[in-house]
Structure formats: C-alpha cells, structure tokens
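The values are calculated or read from the model by the stated rules, or taken from the named source; none is laboratory data. What you see is a predicted model; the values in this text were computed from it and never measured. Note: ideal-geometry Cβ built from the backbone for every residue, glycine included; neighbour counts use all protein chains shown. Side chains included, ligands, DNA and RNA excluded: accessible areas come from the protein's heavy atoms. Shrake-Rupley method; radii C 1.70, N 1.55, O 1.52, S 1.80 Å.
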Amino acid sequence: MKDYSKDIIDILSQVPQGLPIRAVVKHIYNAHNTFFETVDIDDVKKKVTNYLTSHAKSRKSPIEKGDRWGVYRVDMAKLQELANLAEVQEEAQKDKNWQEQSLGLIFPEEE
C-alpha cells in the first residue's frame, strides 16, 4: 500500500488557492504510474479522497477545505509550524542518541 501524504502536501503547497480532488488524483497518478510500476486510478482516488477528507477535519492538520466544494488547500502557517516541530524533535532525538552512546563508553582504570 502506497502512502501519498507527502505527495499530496507537496502538490497542494504549490497552489495557494487549492486544488480539486480530481486534479490532485491526476497529479499523483501521473507521478506514480511508470513503465515499471503501474497503479490503479481508482485506488489512488480512494486514498487521496480519504486522506484529504479525514485530514481536513483535524485542527492540527495543515490540510483545510477550500472556498468551493471538493477543493482543498494547505495552510502554510500550520505546515511551517509542523516542520519546526519535526525539526525540534529530530534535534532532541540526536541529542538523546549522543547521550546514550556517550554513557556506554567505559574507560579503563589507571593503575
């Protein structure tokens, strides 16, 4: 099962006024349908529709409904906020990993 969430956010972040679901589906279908890998358009449509409708209901999600029916867009302020949060969490994880590794070092005792 493919996850198209990053692709959806990338496409919608390029168009501030938003895009209809069918346009997002078409972009993702064309991006993932290659000579070596084929995807089913109905599967892409179902996944994109489910992702957009479910995430547009959440207050934490950067996806929001547009001005017209079936149009979705990205709230750039929330997207930047989420990116900053992810960056902070990544830095905290690096610090935690560094501390765990440094505690594991054992120095031989001098005689």
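For Phe107, the conditions (1) modelled with pLDDT of 80 or more; (2) open to solvent by 50 Å² or more (accessible area, probe 1.4 Å); (3) not charged (D, E, K, R) all hold with the exception of (1).
Here Arg22 fulfils each of the conditions (1) surrounded by fewer than 17 Cβ atoms within 10 Å (Cβ to Cβ); (2) within 15 Å of the chain's Cα centre (by Cα) apart from (2).
Is it the case, given these coordinates, that Thr49 is β-branched (Val, Ile, Thr) and either open to solvent by less than 70 Å² (accessible area, probe 1.4 Å) or touching a strand residue (DSSP E or B) at 6+ places or on another chain (Cβ under 6 Å) (or both)? It is true that Thr49 is β-branched (Val, Ile, Thr) and either open to solvent by less than 70 Å² (accessible area, probe 1.4 Å) or touching a strand residue (DSSP E or B) at 6+ places or on another chain (Cβ under 6 Å) (or both). A Cβ distance below 9 Å, combined with a sequence gap of six or more or placement on separate chains, defines the contacts here; from the stretch 28-43, residues that are closer than 18 Å to Lys6 by Cα reach residues that are in a helix (DSSP H, G or I) and acidic (Asp, Glu) in the pairs Ile28/Asp7; Ala31/Asp7; His32/Asp7. Here is the figure for the stretch 44-54: residues that are within 22 Å of Asp75 (Cβ to Cβ) and free of Cβ contacts under 8 Å to residues at least 24 places away in the same chain total 3. Applying a threshold of 7 Å to beta carbon distances and a minimum spacing of six or more residues, or different chains, the list of pairs starting in the stretch 1-27 at a residue that is closer than 21 Å to Trp69 by Cβ and assigned to a loop (DSSP other than H, G, I, E, B) and ending at one that is open to solvent by 50 Å² or more (accessible area, probe 1.4 Å) and among the β-branched types (Val, Ile, Thr) is empty.
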